[in-house]
Amino acid sequence: MTTGAKEEYNMNVEQIKYQTCPYDQEEAILLVDPETESMPDTDEDGDLQYYCPAGHHTFSLDEDN
């Protein structure tokens, strides 16, 4: 990966790193693969998964809806 590609990847991760939880409107953080610590976790549909520390729950974010 070139330096420019790494910077673009890091910028894209920063844009999706946090989302508002649909259950309690608190800040949730993107879950990542514990082995690579860089690849986002996805559900069976390929949607990004987030963890809400305020409510202690996870949810998927469907970008198509």
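Figures for the structure shown
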item	result
Contour minus Cα-Cα distance for TYR51 and GLN15 (0.36 nm per residue)	11.4 nm
Cβ crowding within 10 Å averaged over residues, with 48-57, 16-25, 29-38 ranked highest first	48-57, 16-25, 29-38
Inter-label distance, nm, simple model (7 Å from Cα along the C-beta direction), ASP62/THR36	2.5
Inter-label distance for GLU44 and TYR23, nm, one decimal - labels placed 7 Å from Cα along Cα-to-Cβ	1.9
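Read the figures in this text as sums done on the coordinates, not as results from a lab. Model, not experiment: these values are computed from the prediction. Positions of Cβ are backbone-derived with ideal geometry, glycine not excepted, and every protein chain shown enters the neighbour counts.
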